[in-house]
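Engineer: Sending over a structure as structure tokens; questions will come in a sec.
The values are calculated or read from the model by the stated rules, or taken from the named source; none is laboratory data. Not measured: the values here are computed from a predicted model. Backbone-built Cβ (ideal geometry, glycine too); neighbour counts: all protein chains shown. Surface areas here come from the heavy atoms of the whole protein model, side chains and all, with no ligands, DNA or RNA. Shrake-Rupley method; radii C 1.70, N 1.55, O 1.52, S 1.80 Å.
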Amino acid sequence: MATYLDFEDKIKKIEEDITVAKTRNDEHAVEILDKKLEKEVEKTFKNLSDYQKLQLARHPDRPYAMDYIKGLMTNYYEIHGDRHFDDDNAIVCFLGYIGNEKVVVIGEQKGRGTKDKLKRNFGMPSPEGYRKALRAAKLAEKFNLPILMLVDTPGAYPGIGAEERNQSEAIARNLYEFSELKTPTVSVVIGEGGSGGALAISIADKLAMMRYSVYAVISPEGCSAILWNDPAKVETAANALKITAESLKELGLVDDVINEPLIGAHRKKEDAIKALGDYFLTSLAELKELTPAQRYEKKYEKLMNLGKFEEK
């Protein structure tokens with residue numbers, strides 16, 4: 001059963017009417033309602049606030065990493081474990097094909113349903129997850145395989161065990177190692193990109209965001225708690241943080257915005273998956289035209305240009 005957000009109420013009503021009209025085989029009514037739905041979708045989704053886009057990024061029906069992996073990859077098998085401590089299910093790594101390209105895909109997986117969410121730790125990786133990601137990336141580099149990274153996490157797991165096993169070192173190590181990878185790398189924020197937990201698999205030759213994804217140094221909830229100690233300020237914080245794909249593209253912090261369907265990836269998953277796959281293959285073709293040294297230089301320049309400011 002589809003889940004609707006508060007600003008999707010009118011869309012929900014029209015879709016329910018379409019279902020009733022189809023049950024009655026009233027094709028004329030369906031045609032009229034389809035046009036009405038199209039207008040309502042355009043009206044609603046072309047005027048979304050940053051907070052509403054945050055809600056979409058967290059939508060329970062939104063495609064997760066495994067949806068993209070199963071939708072894009074063929075002849076794939078999973079890479080398990082960090083060879084030091086454990087196999088963190090919050091991060092998944094796969095070797096297989098996207099189109100005709102043999103690739104390694106690394107993704108953060110939130111999980112669906114209570115049992116799966118607990119297994120995936122709600123998409124919050126532990127140090128062993130980041131070390132597994134690094135092991136998979138080094139394997140890809142060894143065999144000159146391109147890497148696709150799918151970012152979707154509220155943040156790295158902040159538990160005592162994770163801190164005991166050096167969570168910050170694991171993230172910092174990934175930042176360092178991923179910045180020096182010689183194989184082509186593309187990272188895409190598919191949902192929620194939270195703090196260092198997202199950054200650890202975001203250092204790439206190309207960083208893109210799905211239209212309704214978000215990427216932030218802290219969650220709006222955390223920001224409102226720290227600055228105002230007021231949960232009611234979450235929407236204000238979301239607007240101030242500039243967390244949306246359009247804002248970050250304008251600021252030069254991401255390279256591209258992938259145009260998922262206007263109504264959202266949660267309503268048209270196949271179209272969103274295809275859009276991401278097309279973007280990856282197009283980006284990969286561009287990156288393959290460069291030598292490893294050229295890719296390294298461009299990545300270095302991009303990282304060094306982050307954080308510009310103007311004095312007034």
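Engineer: With respect to the numbered conditions (1) more than 30 Å from Val234 (Cβ to Cβ); (2) acidic (Asp, Glu); (3) open to solvent by less than 50 Å² (accessible area, probe 1.4 Å), which one is the sole condition not fulfilled by Asp26?
Structural biologist: (3)
Engineer: Might you check whether a residue that is touching a residue at least 24 places away in the same chain (Cβ under 8 Å) and within 22 Å of Ile263 (Cα to Cα) occurs anywhere in segment 79-100?
Structural biologist: No, segment 79-100 contains no residue that is touching a residue at least 24 places away in the same chain (Cβ under 8 Å) and within 22 Å of Ile263 (Cα to Cα).
Engineer: Taking segment 99-121, which residues are closer than 16 Å to Asp87 by Cα and either out of contact with any helix residue (DSSP H, G or I) (no Cβ under 8 Å at 6 or more places or on another chain) or in a loop (DSSP other than H, G, I, E, B) (or both)?
Structural biologist: Within segment 99-121, Gln109, Lys110, Gly111, Asp116, Lys117, Leu118, Lys119, Arg120, Asn121 meet the criteria.
Residue-by-condition table, conditions (1) basic (Lys, Arg); (2) open to solvent by 10 Å² or more (accessible area, probe 1.4 Å); (3) touching a helix residue (DSSP H, G or I) at 6+ places or on another chain (Cβ under 6 Å); (4) part of a helix (DSSP H, G or I):
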| position | (1), (2), (3), (4) |
| --- | --- |
| Tyr130 | no, no, yes, yes |
| Ala136 | no, no, no, yes |
| Ala140 | no, no, no, yes |
| Ala156 | no, yes, yes, no |
| Ala170 | no, no, yes, yes |
| Arg173 | yes, yes, no, yes |
| Val186 | no, no, yes, no |
| Val189 | no, no, no, no |
| Ser202 | no, no, no, no |
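Engineer: I'd like to check something: does segment 66-83 contain any residue that is among the aliphatic types (A, V, I, L, M), in a helix (DSSP H, G or I) and surrounded by 19 or more Cβ atoms within 10 Å (Cβ to Cβ)? Quick ask: steps written out before the conclusion?
Structural biologist: If we filter segment 66-83 for residues that are among the aliphatic types (A, V, I, L, M), which is where we start, we get 66, 69, 72-73, 79.
Going one step further and asking which of them are in a helix (DSSP H, G or I), we end up with 66, 69, 72.
If we keep only those that are surrounded by 19 or more Cβ atoms within 10 Å (Cβ to Cβ) too, we end up with 69, 72.
Checked segment 66-83: at least one residue is among the aliphatic types (A, V, I, L, M), in a helix (DSSP H, G or I) and surrounded by 19 or more Cβ atoms within 10 Å (Cβ to Cβ).
Engineer: Output the residues belonging to segment 1-48 that are outside any helix (DSSP H, G or I) and of a type in the set (Ser, Thr, Tyr).
Structural biologist: Applying the first criterion (outside any helix (DSSP H, G or I)) to segment 1-48 yields 1-5, 24-26, 46-48.
Hits for segment 1-48 are Thr3, Tyr4.
Listed here are the residues, each with its yes/no results for (1) more than 28 Å from Asp271 (Cβ to Cβ); (2) hydroxyl-bearing (Ser, Thr, Tyr); (3) touching a residue at least 60 places away in the same chain (Cβ under 8 Å).
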position	(1), (2), (3)
Glu192	no, no, yes
Ser213	no, yes, yes
Cys223	yes, no, no
Glu235	yes, no, yes
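Engineer: Can you find, within segment 44-89, the residue that is modelled with the lowest pLDDT among those that are of a type in the set (Lys, Arg) and either in contact with a His (Cβ under 6 Å, 6 or more places away or on another chain) or under 25 Å from Leu241 (Cα atoms) (or both)?
Structural biologist: Looking only at segment 44-89, we keep the residues that are of a type in the set (Lys, Arg), and these are 46, 53, 58, 62, 70, 83.
Still in the list and also either in contact with a His (Cβ under 6 Å, 6 or more places away or on another chain) or under 25 Å from Leu241 (Cα atoms) (or both): 46, 53, 58, 62.
Numbers: Lys46: 88, Lys53: 93, Arg58: 93, Arg62: 94.
Among them, the one singled out is Lys46.
Table: residues versus (1) among the charged types (D, E, K, R); (2) closer than 13 Å to Leu145 by Cβ; (3) out of contact with any Pro (no Cβ under 6 Å at 6 or more places or on another chain).
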site	(1), (2), (3)
Asp61	yes, no, yes
Ala65	no, no, yes
Asn75	no, no, yes
Glu78	yes, no, yes
Gly81	no, no, yes
His84	no, no, yes
Val92	no, no, yes
Tyr97	no, yes, yes
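Engineer: One residue is enough: does segment 126-134 have a residue meeting the conditions small (Gly, Ala, Ser) and in contact with a Phe, Trp or Tyr (Cβ under 7 Å, 6 or more places away or on another chain)? Even if it seems obvious, please write down each step before you answer.
Structural biologist: Within segment 126-134, the subset small (Gly, Ala, Ser) is 126, 129, 133.
Then keep just the ones that are in contact with a Phe, Trp or Tyr (Cβ under 7 Å, 6 or more places away or on another chain); that gives 126.
The answer is yes; a qualifying residue exists.
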